[in-house]
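The values are calculated or read from the model by the stated rules, or taken from the named source; none is laboratory data. Because the structure is predicted, anything quoted here is derived from the model rather than measured. Every residue, glycine among them, receives a Cβ derived from its backbone with ideal geometry; neighbour counts consider all protein chains shown. Heads up: the accessible areas ignore ligands, DNA and RNA and are worked out on the full protein's heavy atoms, side chains in. Shrake-Rupley method; radii C 1.70, N 1.55, O 1.52, S 1.80 Å.
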Amino acid sequence: MTRFRALAAAALSTIAAITVVAPARAGTDHLPIGDADLPETRTTSTLAPGVTVTSIVRGDTPADPDEINTTPRGPWVVKVLTIDPKRARGRLLSTYGPDIARTEKPTELVRRAKALIGVNASFYTFSASKDYPGDPVGLGIYGGVLHSEPTTDPTESDLVYDSASGRMLIGHLRWSATVTHRDSHRRLALTAVDHPPVVPDACSTLPDQTHCTTDGDLVRISNRFGSSTPKGAGVEVVLDSRGCVVRTASTRGTALAKGQSSLQATGSDAKELKDVVSHGCVSVTQDLRDERGERVPLSGNVSGVNGRFQLTAGGKIVVPSGSGPLFGRNPRTIAGKTDDGKTVLAVLDGRQTTSVGTTTDETAAVAHSLGLVDSMNLDGGGSATMATQDGPLNHPAGSGERAVGDALVWIPRP
């Protein structure tokens, strides 16, 4: 057994020894969902100094399968991970599987990162792409490197966390980037990072995209994206670690060596890329800003993930009203911070008779009741999972633990 595995085993065995179960006091620390007379219990376990997991069970009668979406009697089952930076010795970070494009179960992501515990995080491509299912749909920062830019979707909410300072930022970020040729000083605007570029419909039958007159995409692909860069029509320029051209191809799709990256272009951007970056060296600059327009600096300690809808801001509930599947009762994963600086990650089971799940309004109410002054709704549904190296602590909806694009994990300091 490795030293880390021994530490994890010791921590998990400690949980059983110090678990405390107590009924919640009505009107004070109970969840503000369902009928007021529902019984509620809370079980708090210590995973490591400053790191606790609280299990909340509200309601004690299984739901009628036909009433899961409407019943005021629940039940609801919630797992709440609380990290106190003043006492916890470790770091919280975002992580992904073998590469950006592939998915991995949260349990395996926790193991790969040598973490004690973690939760699923970003919305990701999932079933929309059989080739790149793990591709984040929105912000993705890992080890201080931006591998996925925020979208322009106003419902997107982003979380940026600095494990060195403990600072957490929640809001909708804005991103821009340019490619500049160092000799000619000509500039091209990047469309995205580590996403397959889209071939315009008007030019979908053109094998040579340099003949297309419709706007396409210009994307930077890192060697962490996948075993090869996205394949298809377009132009691809491979760059070495200094940003100098290694080779140019009239189609997309190649294996990148360590330190290499590539620029891929479709539509009219393909001709521009070929004209501007066929030789020499380029510089890529990125600009990431928060809602106030202030620059968000990136360092090796910074992680970032995306979600949909901010739940609380400045201690107030801010989730929008709406209809449709995303607003109805679902399993949920929440991330946020308390007024005294604690980080909270919570998973609510749903779509089950043993835990019905929450609407976006109910989710915001739960976040507020947990003391989260700023919080957001991460990916949920069948993805909602809190796991240790030994498996999920909750009961994910569906046939079992789902492979996801990334996770937020807590890694202890040796």
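Determine the shape class of region 232-376: with a ≥ b ≥ c the square roots of the Cα gyration tensor eigenvalues, call it rounded for a/c under 1.5, and otherwise prolate if a/b is greater than b/c, oblate otherwise. It is prolate, given that a/c is not under 1.5 and a/b is the larger ratio.
Shown here for region 103-184: trypsin sites (Lys or Arg not before Pro) in loop regions (DSSP other than H, G, I, E, B) with at most 15 other Cβ atoms within 10 Å, namely Lys130, Arg182. Charging the Cβ of each Asp and Glu at -1 and of each Lys and Arg at +1, and nothing else, the dipole of the chain about its Cα centre rounds to 1540 debye. Please report the carbon-and-sulfur percent of the accessible area for the chain; probe 1.4 Å, protein heavy atoms only, DNA, RNA and ligands left out. Percent of accessible area from carbon and sulfur atoms in the chain: 51. Global dimensions of the chain from alpha-carbon coordinates: Rg and Dmax equal 22.8, 72 Å. When you restrict to C-alpha pairs under 8 Å that are six or more residues apart and normalise by the size of the chain, the relative contact order lands at 23 percent.
Calculated accessible area for the chain comes out at 44 Å² per residue, all protein chains present (probe 1.4 Å; ligands, DNA, RNA ignored).
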